[in-house]
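Let me begin by presenting the structure, written as structure tokens, before commenting on it.
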Amino acid sequence: MELAYKVNTPVTAQEVADLFRSSGIRRPVDQLERIQRMIDHADLTITAWEGGKLVGIARAITDYSYCCYLSDLAVDRAYQNLGIGKQLIQKLQEQLTEEVSLILLSAPNAMEYYPRVGFQKAENAFLIQRKR
């Protein structure tokens, strides 16, 4: 399997929604307009491709100076446990400097994954949940 990783390569809302479905991540996959806004307003998107198929994505919001919020990390279930998520994170960090903290909110079922790829658990975060 030969994968290509791309920085800020255009993707369609349908490609991303299909990937979200196949990865198991919970996102509004039936709201393509909303998915498109998520793509359009991201500052940094790293994608993983096998041929013409999108198999992974890291989507982030950043100021490139102090912080970067990794809002989506998704890998197609058929491609999980192959190091793709770790590569997406690494390639995301390559676009940032050492001055930038990488921050994320984990899904409950991924809490054990993130420490294995270099994240430290933070006890000082707060959240106002979205209403829809």
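Please treat every number below as a calculation from the coordinates, not as lab data. Bear in mind the structure is a predicted one, so any value in this text is a computation, not a measurement.
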I need the semi-axes of the equivalent ellipsoid of the range 1-65: take the C-alpha gyration tensor, multiply each eigenvalue by 5, square-root it, list largest first in whole angstrom. 18, 17, 10
Between the range 91-132 and the range 4-43, what's the alpha-carbon centroid distance in Å? 19 Å
Any lysines whose Cα falls less than 20 Å from that of Lys53, other than same-chain ones fewer than 8 residues away, would be Lys6, Lys86, Lys91
Quick one: grab the alpha carbon gyration tensor of the chain, order the square roots of its eigenvalues as a ≥ b ≥ c, and give me rounded if a/c is under 1.5, else prolate or oblate depending on whether a/b is larger than b/c. rounded
Over all Cα pairs of the range 66-132, how is the pair count split among 10 Å bins, expressed in % and running from 0 up to the last occupied bin? 16, 51, 28, 4
